[in-house]
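One structure is given below, represented as structure tokens, and several questions about it will come after.
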Amino acid sequence: MSETLIEVRDIGKRYGNVIALSGVTTSVHAGEVTCVLGDNGAGKSTFIKILAGAHPHSDGELVVDGEPRHFTSPRDAQALGIATVYQDLAVVPLMPVWRNFFLGQEPTKGWGPLRRLDRETMKRTTSTELAAMGIDLRDVDQPIGTLSGGERQCVAIARAVYFGARVLILDEPTAALGVKQSGVVLKYIARARERGLGVVFITHNPHHAYPVGDRFMLLRRGRSMGDFPKSDLTLDELTAMMAGGAELEALSHELTAELGQDSEVAQTMSQDVKVLDT
Amino acid sequence: MSETLIEVRDIGKRYGNVIALSGVTTSVHAGEVTCVLGDNGAGKSTFIKILAGAHPHSDGELVVDGEPRHFTSPRDAQALGIATVYQDLAVVPLMPVWRNFFLGQEPTKGWGPLRRLDRETMKRTTSTELAAMGIDLRDVDQPIGTLSGGERQCVAIARAVYFGARVLILDEPTAALGVKQSGVVLKYIARARERGLGVVFITHNPHHAYPVGDRFMLLRRGRSMGDFPKSDLTLDELTAMMAGGAELEALSHELTAELGQDSEVAQTMSQDVKVLDT
Amino acid sequence: MTAATQATAADERVSRQSTLTRVLRRPEVGALVAAVAVFVFFAVQTEVFATANGASTWLRSASTIGIMAVAVAMLMIGGEFDLSAGAMTGFTGLAVGVMTTHWGLPIWLAILISLLLALALGVANGVMVIRTGLPSFIVTLGTFFVLQGVDVALTKAITGDVAIQGMSLVPQYDQPHAVFGSALDVNGGSLYVSVLWWIVVTAVATWVLLRTRAGNWIFAVGGAQTSSRQVGVPVARTKIALFCTTAGAGWLVGMLLLFTTSTVQSNTGIGQEFIYIICAVVGGCLLTGGYGSAVGAALGALIYGMTNQGIVYAGWDNNWLKAFLGVMLLLAVLLNEWVRKRAELAR
Amino acid sequence: MTAATQATAADERVSRQSTLTRVLRRPEVGALVAAVAVFVFFAVQTEVFATANGASTWLRSASTIGIMAVAVAMLMIGGEFDLSAGAMTGFTGLAVGVMTTHWGLPIWLAILISLLLALALGVANGVMVIRTGLPSFIVTLGTFFVLQGVDVALTKAITGDVAIQGMSLVPQYDQPHAVFGSALDVNGGSLYVSVLWWIVVTAVATWVLLRTRAGNWIFAVGGAQTSSRQVGVPVARTKIALFCTTAGAGWLVGMLLLFTTSTVQSNTGIGQEFIYIICAVVGGCLLTGGYGSAVGAALGALIYGMTNQGIVYAGWDNNWLKAFLGVMLLLAVLLNEWVRKRAELAR
Amino acid sequence: ACGGTGQPSGAKDATSLNLKYAVITHGAAGDAFWDRVKSGAERAGKDYGVKISYSSDADVAKQSQLIDSAVADKVDGIVVSMANPDGLKSSVEKAVAAGIPVVTINSGIDQWKQFGAITHIGQSEDIAGAAAGDRLKQAGLTNVICVIHESGNVGLEQRCSAAAKSFGAKMTNLQVDGTDDNAVQSTITSKLQADKTIDGVLTLGGQYAIDAVSAVQQANSKAKVATFDLSDDVIKDIESGSIIFAVDQQPYVQGYLGVTALYLKDINGNDIGGGQPVYSGPAFITKDNAAQVEKFAKQGTR
Ligand SMILES: Nc1ncnc2c1ncn2[C@@H]1O[C@H](COP(=O)(O)OP(=O)(O)OP(=O)(O)O)[C@@H](O)[C@H]1O
Ligand SMILES: Nc1ncnc2c1ncn2[C@@H]1O[C@H](COP(=O)(O)OP(=O)(O)OP(=O)(O)O)[C@@H](O)[C@H]1O
Ligand SMILES: [Mg+2]
Ligand SMILES: [Mg+2]
């Protein structure tokens, strides 16, 4: 259960003179879900893009299976069984859904010059995998650009889950999803963990993070605020941590003023603040 | 409080042979928040794109201020004081943040051929409005394409709030936002309502919808399942409605099995199911 | 899960669609309709156009352009341009001409060497584009200028002339002539082998684009390069292969030109690169990449070829040639677009 | 709220950046460095290049290309192409020539009429692109062919020749000649007014692009047309205005050509349309739209003009001209790109 | 390159003069005709020990800029072809005013004096065209097409219109795309198929004559082919009878004599022609004299 799949040490990333990430150290273990939390612009996506091989890191070390690596392309990461759902989904809008699903890892049949895409398998798999997520497409031949935001996100998730062999990285997979679809994604994560995969999960929703997460890494303004095992945290503490403490208090007061004392949002917020104070 | 700003009657939209929306009837009132709920692909974005003038409707009637309209461009809607946050955000990735903020409604100074953009105002306004949302940008001159997903979404929201004169339409504005930023958006919505604006708010998060919503319209597979005033609903009923009832039950069982009885998600779900049954 | 799968059968969210409409939505159909319209127009307007003799002429002139248009269309689908494609046809022809008539190399060896040269140039184009991150428009423009200079200057320096002379006297000229330059007698008109090559190239390109992994990758890198890279498409490899394809097509056309006309001049193909792009766009390719079809490009070339020759058959004042060509092209593309829109909106 | 605003002063998430680096990051700087490199190269290689006389020649040859490149760059930033831009320069010149030498119209009236004709064609291009939804590459290609045909055929039909002769004998020729065709004596070399026009056009274009609403809209429609439409940018109006700009620039260059050389040929400007695009791309414009600068395009034209004339001064074999041009262009663009990358990565 | 051996010893030694001439024409790069002009000029430069820089541009505005460049470069003489004299007027006059001797070649026979050139060498496209037209008439043809391989090229248009004038019977222009031989053959074939009464094809470049010969065969037409300019293949076709004649404007002579005129002016103050233009041709190559020029055509000088 505790085999270390990925280890990052003091990793950092600059875009020109923008320091998006610096000095982050953590590790991804088999059969564990690591949640990466943090405010908007904290550097979460940047972090997972490094793990996924989409951006090379500028500083620090990335160790996969005990070997230091410097991915130059996402193919390198995929070859090691790391599958990723990017926040911007990484789909090709003009291409049909089924072609997007298998893009880069197309199954073929036949030999030599007659080696060709196994279109039936591709289409069938696409629609079953999507149906399993509660997405019932009219037509898998539709360009993916004409799908709704949530449908598109489900394609990206279904694809990563289908191909994820050892590590599954999910960047805000539930952002555009309905309640039902979100539930399915959480179920997938739980299942992947059970099968011994390492999962990295980014979300802004504490209600999604807490139930499935084993460890929580908090990023703030590009720096790591530490790694917390689930046993050290309650949901409320987690929420408070995600929202950023002191500033939240002011907001909570304002909200109470505007929405009334018994507003759900206001209540949650003031609770969070209280947790922080203790 | 109950002046009718927009009325739609039996409205429908087809993309080629895809029927994305049909027979939807509802209305937007001043000083009221109408939440549009529904599964992924239910037609929510399509619905608001019609209100915003981004797509002309194929069937039915759109009445604004008592006059039937057929918007041919979003400019028409804007001229009537309707401001929109699109799900895909409608930003121009290569342009700096401040230019995106004011795009289409740039303030100018000077006269005749010397009439020019009021750059100082534009930059200042952009950074204050974003700071007010809890987004502290390094540089408003950065291309918006290099912002994080949440930061980008905040720009789109701040812009709509800044320009929204009479109707504010928000398509999943909180999807990519952190807890704090989501709180700010809810506060903005509450404030807009108080100022007498009509608000249309789309979200998949019942915890966001319930506190600020006055009326809830449910879409399913392109059709309206009816309009419910807040007084007729509890949060749990709302959640159950959003998740789609029966199918949820199966999911809830599965989740309980996989995550354990005391998992938060599983608990919420089984609660929802119970509510539906009663 | 089960509930979702079974809903596929009859979906109330989709309106009925006739088979006709479905056929009409293929990207090539617009171009096909336009091509038929052009054909009918000239067949009615002139006597010779629709005869075997006439057809053999316009098919022949469309064929070499068509082969290049198909290759260029693939590259455009992949999101890049190759402005050196036109000069490449001249370059390979000249290379074979120089090697055989002046250096006395065996003809097949010369043909092989020129193919290798073309592929090397294709790889160079591709690698430069990938490595430097410069737009291919600029990189291949550079190659184009260099080739253009080399075509003139080297040919002149080696042969003392600006065109290849005496090609038909080269030993074993007959063999490649049979493969690249001969004509079959069909129904009184002659069918040039270049037309057969054109058909083969179009068929292979269609197969590759629609049925293979490579095709999937071509559409992907052209449609969204970052996304395809992120999901693991080998972007560099795909693009370099595409540049090799246009270079290879340039070589094929160079051979076809050389062995049909038995001569090449140093300005062969200069300025043709844009004709290829035009044919591809007329056939429905997007300039921005990610969309298009090989058959469409071939039809675009057919439209171009038919119009060009049709105007001659019609005997219209030749000074107006370009004006007519422009109007016909516009009409063809408008018709194409109209058909496509109709098809999309059809319920 | 307050906490957020005050953090702006010193941000630990941004590394220090020297003023030099910040200057180097302007999109034009790469092109500027490349232009300086080309200048230094030829100034060292040849004697005349850096003299007043030499400069007057390459400035003149760069100026007309530069004016068009700036206009075309604006259009490209707006996401469209105008292939009729080159033919337009010939068309307007020929129109004035025909109207004055053959129909005896007053020269200023003729100039005005040709401006109106150009603008009308610009509007026609724009409206066709917007209405039909066809790519502008194809629509303006149609216009290009039509103009090319008209240029040859109409001029021949009216004047019996393919070039305008006897222009300098037209009454009041001096006045427009002074405005469009004269040269000032500066330091022993002659400074053609076309160079001044070029500077004015570049300055105005830069002002419009960076400081006005229209400029904001141009970047927006080119960068993301759907998004800009959704936020209320008048897409159609902006694009039509851009097509008018290139047409207007075509007219200006037509006048400059006509009154500097006192003649135009019916093939004037044919084939130049791509040179303009090339200059714009060398100057940093994206072919896909939404990015670029007027100054960059002007510098691109300067690089092109200097290279073209510099090769002549250097006395290199004319047959290799294009090859040299290609290599120089590639080197210039590579240098440009290298400078930009350096600047981006500089910490 | 000028080692000084084999040079004619004149009044002054050329190498000590260090002369530099610019040859500026309106030919397109790679055009066979202008290639021979260039070869002639360069040969003369070698023979006399003079530095020659050849440049060309079909666009008159750019050609005038090339003249300006040469003036700025302070060359010792300019050889220029004036297809569109109006456009070159100011540049040529400026060169003359700067004291640079100018010789016009090929075209510009009516203007050279007025512009102040020292002499004119060659004959205009008009004269060559007219001669070609005469020959076609003598051959008894009645309906001829004149194949223009570059649209809007002033020189080509002049050849055709002069030929049409002297020919008298029906002559129509046919525009073809000169950079695509396949299209050239197809278009000529189409024209011959469309109008069976065509009995002659006049091409304006050796290369296109070869294309025309194939096209005539292809169309099963009995049309006779005639052409401007020579090449090895053209000579062979003349010998075999598939081309009836070729007009040889002797471009090599134009280049060579142009430089010679400048050279003589420089070393000895001579004015060739004495105020009259010097004709360089045209020569006609037919079956009778084809053999004589074959050798030179092969080496690319005729
Ligand atoms: N290509 C880039 N160039 C410059 N800055 C960038 C670039 N990409 C990201 N950034 C900056 O780096 C910071 C971190 O971005 P990142 O996308 O990792 O944030 P995030 O934690 O994923 O935020 P969110 O929750 O909003 O998705 C942001 O402030 C962003 O502006
Ligand atoms: N341009 C289009 N062409 C064809 N079908 C489309 C197009 N746009 C949307 N659709 C289809 O219409 C349906 C409704 O889409 P819409 O974007 O309105 O859904 P939504 O309710 O906003 O979903 P989500 O919650 O996922 O954003 C989807 O099934 C989608 O596939
Ligand atoms: Mg992110
Ligand atoms: Mg939506």
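Each value in this text was obtained by applying a stated rule to the coordinates, not by laboratory testing. Note that the coordinates shown come from a computational prediction; the quantities given were computed from them, not determined experimentally. Ideal geometry is used to build each Cβ from the backbone, glycine not excepted, and the neighbour counts take in all protein chains shown.
Based solely on its DSSP helices, what 222 nm [θ] is calculated for chain C when runs of n ≥ 4 H residues each add -39,500 (n - 2.57) and the sum is averaged over all residues, nearest 500 deg cm²/dmol?
Mean residue ellipticity, 222 nm, calculated: -23000 deg cm²/dmol.
Take the Cβ-Cβ distance between B:R124 and D:S15 as r, set R0 to 25 Å, and report the resulting FRET efficiency rounded to the nearest 0.05.
So the FRET efficiency works out to roughly 0.50.
Let me ask you something else. Near C:R211, within a Cβ-to-Cβ distance under 14 Å, what is the net charge of the other residues, with Lys and Arg +1 and Asp and Glu -1?
Charge balance in the 14 Å sphere: +4.
Mind checking segment A:1-77 for GluC sites (Glu not before Pro) that DSSP puts in a loop (not H, G, I, E or B) and that have at most 16 other Cβ atoms within 10 Å?
A:E3
Further, regarding this structure: Going by a ≥ b ≥ c, the root eigenvalues of the Cα gyration tensor, does chain D fall in the rounded group (a/c under 1.5), the prolate group (a/b larger than b/c) or the oblate group?
It comes out oblate by the Cα gyration axes.
So how tilted is helix C:272-282 from the main axis of chain C? Cα-based, degrees 0 to 90, rounded to 10.
Around 20 degrees separate the two axes.
I'd like to compare E:221-227, A:138-144: which one has the highest average count of other Cβ atoms within 10 Å, and what's the full order after that?
Final packing ranking: E:221-227, A:138-144.
Let me ask you something else. Highest mean first, what order results for C:326-336, C:187-197, E:237-247, E:134-144 on Cβ atoms within 10 Å?
Result, highest mean first: C:326-336, E:237-247, C:187-197, E:134-144.
Moving on to the next point. For A:T84, what residues show an amide H to amide H distance below 5 Å, using hydrogens built from the backbone and excluding near sequence neighbours?
Hits under the 5 Å cutoff: A:I169.
Right, another one. Which whole number gives the average count of other chain Cβ atoms within 10 Å of the Cβ atoms across peptide D:263-275?
So the per-residue partner count for this stretch is 5.
If the label point is 7 Å along Cα→Cβ of C:Y173, which residues in segment C:239-276 have backbone nitrogen under 19 Å from it?
Correct set: C:254-266.
On to the next question. When a footprinting reagent is the concern and you count Cβ atoms within 10 Å, what order do C:F243, C:F180 take, fewest first?
With the fewest neighbours first, C:F243, C:F180 line up as C:F180, C:F243.
Hey, another quick one. Chain A: which residue's Cβ hugs the A-to-B rotation axis most tightly, distance rounded to whole Å?
Of all Cβ atoms in A, the one closest to the rotation axis yields A:A175, 2.
Turning to a different aspect of this structure: Taking the label point 7 Å from Cα in the Cβ direction, how far apart in nm is D:G104 from each other copy of itself, listed shortest first?
Between copies, matching label points for D:G104 lie 7.3 nm apart.
Helix D:85-97 sits at what angle to the longest principal axis of chain D, using alpha carbons and giving 0 to 90 degrees rounded to 10?
30
Going 7 Å from Cα along the Cα-Cβ axis for the label, what nanometre distances separate D:L210 from the same residue across the other copies?
5.1
So, in segment A:4-233, how many Lys pairs have Cα atoms under 20 Å apart, if the pair is 8 or more places apart or on different chains?
Pairs that pass both the separation and distance tests number 5.
Please check chain D for the longest run free of GluC sites (Glu not before Pro) that are loop-located per DSSP (anything but H, G, I, E, B) and have at most 14 other Cβ atoms within 10 Å.
D:48-347
Rounded to whole Hz and in sequence order, give me ³J(HN,Hα) for segment C:246-252 from the Karplus expression 6.51 cos²θ - 1.76 cosθ + 1.60, θ = phi - 60°, writing x for Gly and Pro.
Each residue's phi maps through the Karplus curve to give 5, 5, x, 5, x, 5, 4 Hz.
Sticking with this one: Taking θ as phi - 60°, what are the ³J(HN,Hα) couplings along segment B:127-133 by the Karplus curve (6.51, -1.76, 1.60), each to the nearest whole Hz, with x for Gly and Pro?
Result, rounded to whole Hz: 6, 5, 4, 6, 4, 4, 8.
Per DSSP H run of at least 4 residues, take -39500 (n - 2.57); add these up for chain B, divide by its residues and hand me the 222 nm value, nearest 500 deg cm²/dmol.
Calculated mean residue ellipticity at 222 nm is -12000 deg cm²/dmol.
By how many degrees, 0 to 90 and rounded to 10, does the Cα axis of helix E:206-218 deviate from the longest principal axis of chain E?
Roughly 0 degrees between the two axes.
While we're looking at this one, here's another question. Mind ranking B:160-169, D:159-168, E:18-27 by how tightly packed they are, going by the mean number of other C-beta atoms within 10 angstrom, highest first?
Ranking, from highest mean packing down: E:18-27, B:160-169, D:159-168.
Another question about this same structure. List the pairs from E:K74/E:K265; E:K170/E:K298; C:K156/E:K236 whose alpha-carbon separation is above 27 Å, in the order I gave them.
E:K170/E:K298
How are the alpha carbon pair distances in the protein assembly as shown distributed across 20 Å bins from zero to the largest one, expressed in percent?
Final binned percentages: 9, 33, 32, 18, 7, 1, 0.
Counting only the backbone N, which residues of segment B:111-135 are under 19 Å from the spot 7 Å out from the Cα of D:W207 toward its beta-carbon?
Backbone N within reach: B:111-120.
Quick one: grab the alpha carbon gyration tensor of segment C:47-170, order the square roots of its eigenvalues as a ≥ b ≥ c, and give me rounded if a/c is under 1.5, else prolate or oblate depending on whether a/b is larger than b/c.
Oblate is the answer for segment C:47-170, as a/c is 1.5 or above yet b/c matches or exceeds a/b.
Report the calculated FRET efficiency for B:Y15 and A:E3 (r = Cβ-Cβ distance, R0 = 35 Å), to the nearest 0.05.
0.10
Same structure, new question: Quick query: amide H of D:L191 versus all other amide H atoms, modeled in the peptide plane; which residues come in under 5 Å with a sequence gap of 5 or more or a different chain?
D:L184, D:D185, D:V186
At a 10 Å Cβ-Cβ cut-off, how would you order D:W320, A:W98, fewest neighbours first?
Ordered by Cβ neighbours within 10 Å, fewest first: D:W320, A:W98.
Check which residues have an amide H placed less than 5 Å from E:F245's amide H, if you skip close sequence neighbours.
E:T227
Distances from D:D161 to the same residue in each other copy, label points 7 Å out along Cα→Cβ, in nm, shortest first?
3.6
Just to be sure I understand the model, the point goes 7 Å from the Cα along the line to the Cβ. What's the resulting C:L119 to C:V327 distance in nm?
Between C:L119 and C:V327, the simple spin-label model gives 4.8 nm.
Debye calculation, C-alpha points only, no solvent: report log10 I(q)/I(0) for chain B at q = 0.15 Å⁻¹, in the same order as the q values.
With no solvent term, the Cα-only Debye profile gives -1.16.
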